[in-house]
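> I have a structure here, written as structure tokens, and I will follow up with some questions on it.
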Amino acid sequence: MAGRGAGPGDGPHGGGLRATARHYALLPLRIFLGVTFVYAALDKLTDSQFLAASGTGSIGEMMRGVRDTSAVPALVDLALKNPEGFGYAIACGELAVGIGTLIGLLARLAALGGALISLSLWLTVSWASDPYYYGNDLAYLMAWLPLVLAGAPYFSVDAALAARRRRRL
């Protein structure tokens, strides 16, 4: 049975290479998504053109450009009611998701937020990508799902808080 991960050293607390790999398998994904979302947020928040209602490179112009090809035009219409507010909301959401993912604080909730942001961007901005795999928002959505399911059980604030609660019992 050792070949199936049930041998000595291969359990969740064993010292085997497989156990170590299983423990930390999601850590690179967590770091990538966290850094990417923090970077995306800071890029938006520091770009005065992006956070404008109109003009080249603005969120408003981008939303108007994708409105007719979006899977959910009503979502784009909602964003167009206040493009600057929508831009700030997306940027702040990305920042919260990125930081939460990196430090592992409320990691499942942060991952769910990342998945929802990616879903909304896929249904609006990258929906018309042809072929579909040219739009990266669907890939980001799929990348968030393992973190929604597993959270951040290692190297995280969540893990430290869980260990603290266990010690109190």
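> Treating only the Cα positions of the chain as identical point scatterers, give the base-10 log of I(q)/I(0) from the Debye formula at each q in 0.16, 0.17, 0.20 Å⁻¹.
Rounded to two decimals, the profile gives -0.94, -1.02, -1.26.
> Which residue fluctuates most in the GNM of the chain (Cα springs below 10 Å): Arg30, Arg22, Arg108?
Of Arg30, Arg22, Arg108, the Gaussian network model singles out Arg22 as fluctuating most.
> Sort 142-148, 43-49 by the packing proxy (mean of other Cβ within 10 Å over each peptide's residues), most packed first.
142-148, 43-49
> Using a 1.4 angstrom probe on the protein heavy atoms only, line up Tyr154, Tyr134 by accessible area, largest first.
On the way: Tyr154 75, Tyr134 165 Å².
Order by accessible area, largest first: Tyr134, Tyr154.
> Okay, moving on. Just to compare against my own numbers: the Cα pair-distance distribution for region 15-110, 10 Å bins, whole % per bin, please.
P(r) for region 15-110, in whole percents per bin: 16, 33, 28, 14, 7, 2.
> Kindly report, to the nearest 10 Å², the accessible surface of Glu61 as traced by a 1.4 Å probe over protein heavy atoms only.
90 Å²
> What are the DSSP H helices in the chain that stretch 24 Å or more along their long axis, judged by alpha-carbon atoms, and whose average Kyte-Doolittle hydropathy comes to at least -1.0? Display every interim value, and only then the final one.
On the way: long enough: 27-45 (27 Å, 1.33); 83-103 (30 Å, 1.11); 107-124 (25 Å, 1.44).
For the chain, where a helix must reach 24 Å along its axis and average at least -1.0, the hits are 27-45, 83-103, 107-124.
> Next question, about the same structure. In Å, what Kirkwood hydrodynamic radius results for region 91-169 from the alpha-carbon pair distances?
The answer is 13.4 Å.
The values are calculated or read from the model by the stated rules, or taken from the named source; none is laboratory data. Quantities reported herein were computed from a predicted structural model and do not represent experimental measurements. All Cβ positions, even for glycine, are placed from backbone atoms using ideal geometry, and neighbour counts span all protein chains on display. Areas reflect the complete protein model, heavy atoms only, side chains present, ligands, DNA and RNA absent. Shrake-Rupley method; radii C 1.70, N 1.55, O 1.52, S 1.80 Å.
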